[in-house]
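The values are calculated or read from the model by the stated rules, or taken from the named source; none is laboratory data. Keep in mind that what you see is a predicted model, and the values were worked out from it rather than measured. Positions of Cβ are generated from backbone atoms using ideal geometry, with glycine treated the same way; all protein chains shown enter the neighbour counts. Note: areas computed on protein heavy atoms with side chains; ligands, DNA, RNA excluded. Shrake-Rupley method; radii C 1.70, N 1.55, O 1.52, S 1.80 Å.
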Amino acid sequence: MKTPCSQEQGVFKVGGKKQNESDLFLIKSKIDHIFFTMINSLIEEFKKVKDFRKNRGKRHELWVVLTIISLALLNGNVTYKEIDNFRKNEEDKLIKLLGIDSKRLPSYSTIRRVMMEIQESELQKVFQSIIEKYYGQKSGLDWIAIDGKCLKNTLNNYENEQQNMRVKVQ
């Protein structure tokens, strides 16, 4: 299995292109900057969501629970158990990333309850706001719609990984 970033004899390869260590640091820094900017935007929007839970026994802010759920989902964890395993495995990193005072993260039950009771419209507002912020309509740009389909039985050489495609551009 190929990795997008590897090291051979002191020279780093990123996306197949050789890079020295300083270039790799710059690439990693840019990726980290984009990641943290996006996470901070997500957190700011989650903080705007009205907490529907009762105050009695509430240990974690709603935005903390929603952020953990979102990060788990973005990592391919879709079931309650997978999300809980993600929470357990990444606990130290999540506490540090979220900057919370608690040394414990929300439990399986809390995550499940939030996922079952949160209003879909509230989450839709959050993601719509983020999409508009980062990907909103840019004036003066032309948009092109592209759709591609694989043609049946056109794969000749399975090791070559190339296949005939039909592409429609509008």
Of all residues in the stretch 44-72, which are in a helix (DSSP H, G or I) and either at pLDDT below 90 or touching a Pro at 6+ places or on another chain (Cβ under 7 Å) (or both)?
Val64, Val65, Ile68
Filtered residues of the stretch 27-52 (kept if of a type outside the set (A, V, I, L, M), in contact (Cβ under 8 Å) with a residue 40 or more places away in the chain and open to solvent by less than 50 Å² (accessible area, probe 1.4 Å)):
Ser41, Glu45, Phe46
So, in the stretch 85-103, exactly how many residues are open to solvent by less than 40 Å² (accessible area, probe 1.4 Å) and in a loop (DSSP other than H, G, I, E, B)?
1
For the stretch 91-105, pairs from a residue that is without any contact (Cβ under 8 Å) to a residue 40 or more places away in the chain to a residue that is small (Gly, Ala, Ser), with Cβ under 8 Å and 6 or more apart or across chains, are Ile95/Ser102
Pairs under 9 Å by beta carbon, first residue within 16 Å of Leu98 (Cβ to Cβ) in the stretch 70-86, partner charged (D, E, K, R) and open to solvent by 80 Å² or more (accessible area, probe 1.4 Å), six or more apart or different chains?
Ile83/Arg112
Among the residues of the stretch 112-132, how many are within 23 Å of Arg87 (Cα to Cα) and under 18 Å from the mean Cα position of the chain (by Cα)?
4
